[in-house]
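Okay, structure first, notes after.
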Amino acid sequence: MRGPLGVSDLGLAAPVVIHQRSDMAKPKLDDLLKLPVPERIELAMALWDSIAEPELQDQLPLTEAQKAELDRRLAEHDRNPSRGIPWEEVQRRLRDK
């Protein structure tokens, strides 16, 4: 089942298709900030998914600090891969909170 912004009950964002009619007013940021927290989270996830498409990756360059952090995390994982948690487990833990 999907929430009001196209996010599944598993917390996974689904593609959101927004059809704007010319007679519909665009939501203002102040109005969006008044949404309940769960709906704001869904909106944030949908917005992120809209810019995290593989074909847009070249428009989202990493800083040197981000690259260094990713390298550090990968090296840590290489040293101790058993500390990693499968994505399904992360999802389960989030749902169970």
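The values are calculated or read from the model by the stated rules, or taken from the named source; none is laboratory data. Given the structure is predicted, the values throughout are model-derived calculations rather than measurements. A quick note on method: Cβ atoms are made from the backbone with ideal geometry, for glycine too, and the neighbour counts reach across all protein chains shown.
What's the number of the only condition in (1) among the aliphatic types (A, V, I, L, M); (2) under 30 Å from R95 (Cβ atoms); (3) assigned to a helix (DSSP H, G or I); (4) more than 17 Å from the chain's Cα centre (by Cα) that L56 fails to meet?
(4)
Condition first: in contact with a strand residue (DSSP E or B) (Cβ under 8 Å, 6 or more places away or on another chain), at pLDDT below 85 and surrounded by 10 or more Cβ atoms within 10 Å (Cβ to Cβ). Now tell me which residues in the range 1-60 satisfy that.
Within the range 1-60, R2, G6, V7, S8, A13, A14 qualify.
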